[in-house]
Amino acid sequence: MKKFKTILFYSFVAISLGAAAFGYFYLRQTKKPSLNAMDVLPDKAIVVIQASNFHELSYKLSHQSLIWNELVNISDFKKVNQQINYFDSLTTESEILKEFFNDRQVIIALYRGASETNALITFNLRDLAQEPDFMEALQSALKSEKNSEGVFEIWNGTSKYYLKTASGVVVLSQNPELIANCFDSKIKKQSADATYQSLMKNMDADDLFNFYINHNELSAAKTNVNLNKFILSGKTVCNIEITPDALTANGFSESDSASVLNYLSGQPAQPCDFFQALPFTTHYYKAIALSNYETFKTKSRLYDSSPLYWKQANDSALFNVRKELEENIGDKVVQLRYTQNTVSENALVIELKDTTRVIEALQFVSDSVFVLQNYKNFCLRDSLSDLSKELFGKIFELNAKYAFVFSNYLIISEDEPGNNFYLNSMINTSSLAQNEVFMNYAKENLLVNFNYQAYAIVNKQQEELKETFIFLNDSTLHAFKKLNDYSINITNFKNLAQFRASVKYQQGSQKRDIPGLWTCEADTLIIGKPAVFKNHKSDQNELLFQDAKSNLYLINSTGSILWKKPIGEIAKSDFFVVDAFKNNKFQILFNTENAIHLIDRNGNYVPGYPLKLPKPATNALSLLDYDNTRDYRIIVACSDKLIYNYYINGTRNEKFTPIKTNQEVIKPVKYIKVGTSDYLVISDKEGKIYVYSRRGEGRIDLLNKLITNASDYYINTSNNIQNTSLVYFDDKNSLLESISLVDKKEIVKLGASFDETSCFFELIDDDKKMDLVVIDKTKVLCYDLTGNELFRYESGSDAAYTFGQYYFDSDGAYFILNNAINEVHVVEAYKKKIIKNIKGNGVPLVYDLFKDGKKYLIVSDNQFMKCVLFK
């Protein structure tokens, strides 16, 4: 037993020493940074931004946010954007530096400077062993130099940046003093701020974009922003969500004692149920929720009022008028602006407990009373003070002149026309609750409990914008033109204010014509269907289209024109995206009547293009990549009744024998593989079928023909030629016909008669077999290839459908239909119901344009290309 214990002891020692040695050498290689990037930030930061993925943040702002793309037209926002893009270029474009930034949280802080704010960027390296490699990579990639203090100096144009690494932390700034303060232990750090710590505990560190702001530091920085216009004060943290059409902040604020939010602390939240008391034309409101007016009055020091104002009223009434009014103030008070014709009016709406007692009290704070539409209207006294100031101090900005009681609300106006308009709106039930566009927004953003809530149509608040953002002027206000709905909702949360704020980009204003997210204007009528082009540098989706002047446009995903190129002819084919040089850089391929075109992403022709055709093209080119090796073949038919084959470099494929046809070929050449054999399938305009090898050699002769000028045909392939057939629709005789590659013809009679049709083949049901879709005036009918009717939809309109598409995803199936009066109907197949009606006359495209998991519909309307959320 003793011997066993001795062996056990030495074994334990050996294992321990081995583990220690392993740990020592392991830690030498992968020692974690001894400092956290957050802990080096000096205190008194105006703003701290924590980005869990800086590249994604930069990408979302620059390439997906329509709002940000509007704001960067203003110089102050443009400077911020330039800083973001510069740092993003450091982290992504240099392959040497890229690995150091991957999956790193990046922190950006702003500080007060003598004349302007200074930015500081920090992040952690993965481990200390990376520091020498990082410094070497920095010098190699950016040609930077290290000064005598061990700080790298980096030039970006005429701007100089300083960068230092220590203890596994990298700091970057244009201000060398900030760099020094980061590593000075005598300088107090931001992470030591108790309020900052407690607020940040409410945030998820993995969120893409967390934001902290110290409103007092911002005020002291003397920026051109009027902070008195913001409801939030003190210190605030939030997560900011960036979507193509919105910026949304969810967070918490510790408000100053003088804030309205502090006056509302302890008050329970109330439901948002006052829209029926606001006029239809309301474009701004702010509302507070009060369950205890006395507590609110005490906190906001509303006792500093005019004693003479109330003495005058009490002496006339022989009772306490002030007490009578204050005791009957209900749970909600709303100040609003609305439009009367073209004039903007202010009003105050106060929910009441007992309307009879309020009406009685009102006559004693009024100079006169008149009756309008059987309602008493009060001309309020305002020589000593006015009713709004006496009840709510400076919280609401209103000169109370007129008032009436409607339903359970007291409504106060600034002038008699506004008072009369408001009363007529209420009597005629022309309220905000009847405004369909507003209520659609409210259902998603406003119909929640609140302590404070505000809403504004941003582009209708021009004077308010200039008063808030002092750097704005009339020439820069256009950047806010497409910003529509703004709202903020605040509730009490323990000792904090919890809020959600959101601003939306251009929401639809009419049911029939949804303007959508953005519009892009071409020189003239847009022709054909837009196509998606992938930017190989940013991985961003871009869009191609052509106008009637033969200009080719490339626009980004937010609708801005990147370039416009005159082509001289209208494209006959689709726009194909190819990788001609097999280097993951993409080009645009298409043909016009007289040439094949290959254009790079910058709008320049690839050498050898445009490629002039021997004769005018009669069809759209076919692009074939037989083995998915990017060894492309371009096949096109010309008016000499020959079919030609070209390599992607623009040279003729001499191994291909040009195919001679009896008549001109109008439809694109199709390629199929049957068993181990390849076939090119062609039909001319009289319906004769040609089946050739991919070298242009004759394969199969068929006597049967398609109908003359068949609108479309589908090749139902199998592993043998006996079961492979061309399927087409004979609308005049209501027949679905097929011709096999052994020349056997089969005919199926459809159970309907047709007048003016178009058709296409698509997978409609779940059997994974192709189906036929027929559009006949106002009807859509679907059949399987045995003639069974699968689906029928009738619009009930007189406007005939001229074109249709079918779209399916995991959420459902949809038909996208163009009609003769320039409307695009999105029909949900399951419900057979139009869910969207968009003004447009072009062929629509449905695509995940912003790579956010949502589908967008891109369609032209005369000279405008526009983008609409599909569903």
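The values are calculated or read from the model by the stated rules, or taken from the named source; none is laboratory data. Quick caveat: nothing in here was measured; it's all calculated off a predicted structure. As a convention, Cβ positions derive from the backbone with ideal geometry for all residues, glycine included, and neighbour counts pool all protein chains shown. Ligands, DNA and RNA are excluded from the accessible area calculation, which covers all protein heavy atoms including side chains. Shrake-Rupley method; radii C 1.70, N 1.55, O 1.52, S 1.80 Å.
Among I596, I561, which is the only one that is in contact with a Leu (Cβ under 7 Å, 6 or more places away or on another chain) and of a type in the set (A, V, I, L, M)?
Values: I561 fails: in contact with a Leu (Cβ under 7 Å, 6 or more places away or on another chain).
Going through I596, I561 in turn, just one is in contact with a Leu (Cβ under 7 Å, 6 or more places away or on another chain) and of a type in the set (A, V, I, L, M): I596.
In the set L750, L736, L680, which member is touching a residue at least 40 places away in the same chain (Cβ under 8 Å), aliphatic (A, V, I, L, M) and more than 30 Å from P610 (Cβ to Cβ)? Give the derivation first.
On the way: L750 fails: touching a residue at least 40 places away in the same chain (Cβ under 8 Å); L680 fails: more than 30 Å from P610 (Cβ to Cβ).
Matching residue, one of L750, L736, L680: L736.
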Next on the checklist: Just to be sure before I move on: is S265 in contact with a strand residue (DSSP E or B) (Cβ under 8 Å, 6 or more places away or on another chain), in a strand (DSSP E or B), surrounded by fewer than 20 Cβ atoms within 10 Å (Cβ to Cβ) and polar (S, T, N, Q) in the structure I sent?
Outcome noted: no
Checklist outcome for this item: Per the filter on segment 620-653, residues surrounded by 22 or more Cβ atoms within 10 Å (Cβ to Cβ) and over 19 Å from V577 (Cα atoms) are A637, I643, Y644
Checklist outcome for this item: For segment 394-403, the count of residues that are open to solvent by less than 10 Å² (accessible area, probe 1.4 Å) and either at positive phi or not in a loop (DSSP other than H, G, I, E, B) (or both) equals 1
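Would you kindly identify the strands (runs of 3 or more DSSP E) lying entirely within segment 164-244 that contain at least 3 residues that are touching a residue at least 60 places away in the same chain (Cβ under 8 Å) and crowded, with 21+ Cβ neighbours inside 10 Å? Spell out the reasoning first.
Working: elements: 169-173, 209-214, 235-243.
Filter on segment 164-244 gives 169-173, 209-214.
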Checklist entry - Quick one: what pairs do we get from segment 612-630, first residue on the phi > 0 side of the Ramachandran plot, second surrounded by fewer than 17 Cβ atoms within 10 Å (Cβ to Cβ), C-beta under 6 Å, 6+ apart or different chains? => result R630/D579; R630/K582
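Please find, within segment 654-676, the residue that is surrounded by the most Cβ atoms within 10 Å (Cβ to Cβ) out of those that are without any contact (Cβ under 8 Å) to a residue 24 or more places away in the chain and of a type outside the set (V, I, T).
Filtering segment 654-676 for residues without any contact (Cβ under 8 Å) to a residue 24 or more places away in the chain gives 654, 660, 676.
Checking the rest, the ones that are also of a type outside the set (V, I, T) come to 654, 660.
On the way: E654: 8, K660: 11.
Among residues in segment 654-676 that are without any contact (Cβ under 8 Å) to a residue 24 or more places away in the chain and of a type outside the set (V, I, T), the one surrounded by the most Cβ atoms within 10 Å (Cβ to Cβ) is K660.
Residues of segment 780-823 being in a strand (DSSP E or B), open to solvent by 50 Å² or more (accessible area, probe 1.4 Å) and of a type in the set (D, E, K, R), which ones? Spell out the reasoning first.
Step one: list which residues in segment 780-823 are in a strand (DSSP E or B), which gives 780-784, 789-794, 801-809, 812-819, 823.
Now drop any that are not open to solvent by 50 Å² or more (accessible area, probe 1.4 Å), which leaves 789-790, 792, 794, 802-803, 808.
Passing the criteria: E789, R792, E794.
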Checklist entry - For segment 290-302, what are the residues that are out of contact with any strand residue (DSSP E or B) (no Cβ under 6 Å at 6 or more places or on another chain), polar (S, T, N, Q) and in a loop (DSSP other than H, G, I, E, B)? => result N292, S300
Next on the checklist: Going by what's in this entry, would K332 be described as touching an Asp or Glu at 6+ places or on another chain (Cβ under 7 Å) and of a type outside the set (A, V, I, L, M, F, W, C)?
Outcome noted: yes
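From S383, S368, which residue is among the polar types (S, T, N, Q), out of contact with any strand residue (DSSP E or B) (no Cβ under 8 Å at 6 or more places or on another chain), without any contact (Cβ under 8 Å) to a residue 24 or more places away in the chain and open to solvent by 40 Å² or more (accessible area, probe 1.4 Å)? Give the steps one after another, and end with the answer.
Numbers: S368 fails: out of contact with any strand residue (DSSP E or B) (no Cβ under 8 Å at 6 or more places or on another chain).
Being among the polar types (S, T, N, Q), out of contact with any strand residue (DSSP E or B) (no Cβ under 8 Å at 6 or more places or on another chain), without any contact (Cβ under 8 Å) to a residue 24 or more places away in the chain and open to solvent by 40 Å² or more (accessible area, probe 1.4 Å) holds for just one of S383, S368, which is S383.
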Item to check | Counted residues, segment 721-742 - those being over 18 Å from I775 (Cβ atoms) and loosely packed, with under 13 Cβ neighbours inside 10 Å | outcome: 1
Checklist entry - Looking at segment 127-159, which of the residues that are open to solvent by 30 Å² or more (accessible area, probe 1.4 Å) and part of a strand (DSSP E or B) is modelled with the highest pLDDT? => result E153
Next on the checklist: Name the residue that is surrounded by the fewest Cβ atoms within 10 Å (Cβ to Cβ), counting only residues in segment 404-439 that are over 32 Å from the mean Cα position of the chain (by Cα) and assigned to a strand (DSSP E or B).
Outcome noted: F406
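Could you tell me whether segment 298-321 includes any residue that is among the polar types (S, T, N, Q) and either open to solvent by less than 20 Å² (accessible area, probe 1.4 Å) or under 47 Å from the mean Cα position of the chain (by Cα) (or both)?
Within segment 298-321, the first condition is being among the polar types (S, T, N, Q), and the residues that meet it are 298, 300, 305-306, 312, 314, 316, 320.
Going one step further and asking which of them are either open to solvent by less than 20 Å² (accessible area, probe 1.4 Å) or under 47 Å from the mean Cα position of the chain (by Cα) (or both), we end up with 298, 300.
Yes - at least one qualifying residue is present in segment 298-321.
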Item to check | Output for segment 465-497, where each listed residue is open to solvent by 30 Å² or more (accessible area, probe 1.4 Å), farther than 22 Å from A442 by Cβ and touching a Phe, Trp or Tyr at 6+ places or on another chain (Cβ under 7 Å) | outcome: F493
Checklist entry - When you look at L869, is it in contact with a strand residue (DSSP E or B) (Cβ under 8 Å, 6 or more places away or on another chain), in contact (Cβ under 8 Å) with a residue 24 or more places away in the chain and under 30 Å from L554 (Cβ atoms), yes or no? => result yes
Next on the checklist: Only one of L552, L543 is part of a strand (DSSP E or B) and within 19 Å of P244 (Cβ to Cβ). Can you tell me which?
Outcome noted: L543
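Here's the yes/no breakdown for (1) out of contact with any Gly (no Cβ under 9 Å at 6 or more places or on another chain); (2) β-branched (V, I, T); (3) modelled with pLDDT under 95:
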residue: T651; (1), (2), (3): no, yes, no
residue: P668; (1), (2), (3): yes, no, no
residue: G675; (1), (2), (3): yes, no, yes
residue: V691; (1), (2), (3): no, yes, no
residue: R694; (1), (2), (3): yes, no, yes
residue: L726; (1), (2), (3): yes, no, no
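Could you tell me whether segment 567-585 includes any residue that is open to solvent by less than 10 Å² (accessible area, probe 1.4 Å), farther than 28 Å from N85 by Cα and modelled with pLDDT of 95 or more?
For segment 567-585, residues open to solvent by less than 10 Å² (accessible area, probe 1.4 Å), farther than 28 Å from N85 by Cα and modelled with pLDDT of 95 or more: present.
If I filter segment 682-720 down to residues being part of a strand (DSSP E or B), open to solvent by 10 Å² or more (accessible area, probe 1.4 Å) and hydrophobic (A, V, I, L, M, F, W, C), which single residue comes out as nearest to K667 (Cα to Cα)? Explain how you work it out, then say what you get.
Kept after step one, since they are part of a strand (DSSP E or B), are these residues of segment 682-720: 682-683, 689-692, 698-701, 713-716.
Of the ones still in play, those that are also open to solvent by 10 Å² or more (accessible area, probe 1.4 Å) are 690, 692, 698-701, 714-716.
So of that shortlist, the ones also hydrophobic (A, V, I, L, M, F, W, C) come out as 700, 715.
Working: I700: 19, I715: 14 Å.
Among those that are part of a strand (DSSP E or B), open to solvent by 10 Å² or more (accessible area, probe 1.4 Å) and hydrophobic (A, V, I, L, M, F, W, C), it is I715.
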Item to check | So G608, is it open to solvent by less than 40 Å² (accessible area, probe 1.4 Å) and in a loop (DSSP other than H, G, I, E, B) | outcome: no
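When you go through K854, K839, K871, K832 one by one, which is the residue that is farther than 30 Å from S62 by Cα and open to solvent by 40 Å² or more (accessible area, probe 1.4 Å)? It would help to see each step written out before you state the result.
On the way: K854 fails: farther than 30 Å from S62 by Cα; K839 fails: farther than 30 Å from S62 by Cα; K871 fails: farther than 30 Å from S62 by Cα.
From the options K854, K839, K871, K832, the qualifying one is K832.
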Next on the checklist: Quick test of your reading of the structure: R322 fulfils all but one of (1) assigned to a strand (DSSP E or B); (2) touching a residue at least 60 places away in the same chain (Cβ under 8 Å). Name the failing condition by number.
Outcome noted: (1)
Next on the checklist: Based on this model, can you work out whether A287 counts as open to solvent by less than 30 Å² (accessible area, probe 1.4 Å), of a type in the set (A, V, I, L, M, F, W, C) and part of a helix (DSSP H, G or I)?
Outcome noted: no
